[in-house]
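Shown next, in structure tokens, is the structure this report addresses.
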Amino acid sequence: MVKKEMKKNVYSFYLSLCPDKEHFIRKAFAKEKVYIHCAALTSENMHTDTEILGVFVDSKLDNKMLDAMPNLKLIVTLSVGFDHIDLEYAKKKKITVCNIPNYGENTVAEHALALLLSIAREIPDSVNRVRSGIFSYEELRGFDLLGKTVGVVGTGRIGTYFIKLLQGFGVNILAYDPFPRKELMSEYNFKYVKLEKLLHESDIISLHVPLTKDTKHLINKKTLSQMKKGVVIINSSRGGIVDGKALLAGLEKGKVFAAGLDVLEGEEYLKHPQDIHDAKEQKRREEFIDTIHHLTSHPQIIVTPHNAFNSNESIERMFQLGVDTIKRFNQKKALKNKLV
Ligand code: NAD
């Protein structure tokens, strides 16, 4: 008797940020039809027969893209953030969307702390100094964290882990979140306060919020004016949370001492200028690029290339959780990480 062949699913993965994981994906879905690209999704490399799609944050999934894949059933974004996907439109089209919310809260929080310590102890300039053959600490005096007030905006997974990491530094911690988890206050010795108070009293402000309509440009001319003179700002969440032009003005006026940024508004235009064919998009790129250039070249700003998530351990967890999500979806099991 001839065995009836099971229908294969069609998978497309866009592994721009982790091309080294191609083998892992091929092995996990060895019996399926799998397309793998080591780039972000674009209209040029898209497969219209895709049913299950795996992407990173640099693959923009707007209504045009979603319409172009009529068989799409599931999108798994290998990230915590999902502001690159039009969730409402996906829901309308009955496409399930999942993120990977818990692959690396420690990883991102450790990076935020690394940015802060690098600023506090002048690490980038110190290293450059020695590399240039000058072994002198002149003008490289830093500051202690001990005794400072750290304001944490957003106390979800990453913000809470950041607070946990700060426990050994002898800092005073203030936090703001519209959905406070008050039970954490006594465990980690911090206080929830209103945003205005946090801005007014913090020596250091670290941002751990998603990019939404409410958080876009949360750090702007007005909120900067409410901050202490000489504040240090750390952003490891999304570039759009900080108004770059206002930050540069704050640095010019001496209101801001320094900033550590893992993310930049418009960073997608830095990575893929060749993918921009449309004039409107090209104009948007120009708007961002000028500010990005000023931010990345400013002596009091350190920028890392959206790298906070990127550790050996977090990537292992991310891919394993991504594959588990797809398998659970195929088995019609409940998905805790379903966004729509
Ligand atoms: P989470 O959902 O666990 O926590 C987000 C918290 O922000 C929640 O407690 C929420 O109530 C709070 N919040 C929402 N709006 C707010 C506002 N207006 N003011 C203050 N708080 C607000 O998310 P998470 O896992 O902690 O991740 C936070 C963000 O970090 C993600 O959304 C993502 O954008 C970013 N991220 C960046 C990297 C990186 O590599 N740089 C990696 C992972 C995540």
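Bear in mind these aren't lab numbers, they're just calculated from the coordinates by the rules spelled out. Keep in mind that this is a model prediction, so the values were computed, not measured. Please note: Cβ atoms are built from the backbone with ideal geometry, for glycine as well, and neighbour counts cover all protein chains shown.
Does Leu41 satisfy being hydrophobic (A, V, I, L, M, F, W, C), free of Cβ contacts under 8 Å to residues at least 24 places away in the same chain and part of a loop (DSSP other than H, G, I, E, B)? Criteria not met by Leu41.
Screening the candidates Tyr103, Tyr161 for the property of being within 19 Å of the chain's Cα centre (by Cα), within 9 Å of the ligand (Cβ to nearest atom), aromatic (Phe, Trp, Tyr) and assigned to a helix (DSSP H, G or I) yields one hit, Tyr161. Ile302 meets all of the listed conditions (1) free of Cβ contacts under 8 Å to residues at least 60 places away in the same chain; (2) not in a helix (DSSP H, G or I) but one, namely (1). Taking every residue in segment 198-218 that is free of Cβ contacts under 8 Å to residues at least 40 places away in the same chain and closer than 13 Å to Asn235 by Cα and pairing it with any residue that is away from the ligand (no atom under 11 Å from the Cβ) and part of a loop (DSSP other than H, G, I, E, B), at least 6 positions away or on another chain, the pairs with Cβ-Cβ distances below 8 Å are His217/Asp243.
Taking segment 50-99 as the range and being away from the ligand (no atom under 16 Å from the Cβ), assigned to a helix (DSSP H, G or I) and not hydroxyl-bearing (Ser, Thr, Tyr) as the test, the residues that pass are Asn63, Lys64, Met65, Leu66, Asp67, Glu88, Ala90, Lys91, Lys92. Residues in segment 56-76: is at least one closer than 18 Å to Thr325 by Cβ, of a type in the set (Ser, Thr, Tyr) and more than 18 Å from the chain's Cα centre (by Cα)? No, segment 56-76 contains no residue that is closer than 18 Å to Thr325 by Cβ, of a type in the set (Ser, Thr, Tyr) and more than 18 Å from the chain's Cα centre (by Cα). Here is the figure for segment 176-212: residues that are under 18 Å from Lys222 (Cβ atoms), part of a helix (DSSP H, G or I) and either near the ligand (Cβ under 8 Å from one of its atoms) or of a type outside the set (D, E, K, R) (or both) total 4. Please determine, by comparing only the residues of segment 165-206 that are within 19 Å of Phe257 (Cβ to Cβ) and of a type in the set (Ser, Thr, Tyr), which one is surrounded by the fewest Cβ atoms within 10 Å (Cβ to Cβ). That would be Ser202.
Within segment 8-33, which residues are under 14 Å from Gly322 (Cα atoms) and in a loop (DSSP other than H, G, I, E, B)? Within segment 8-33, Leu15, Cys18, Phe29 qualify.
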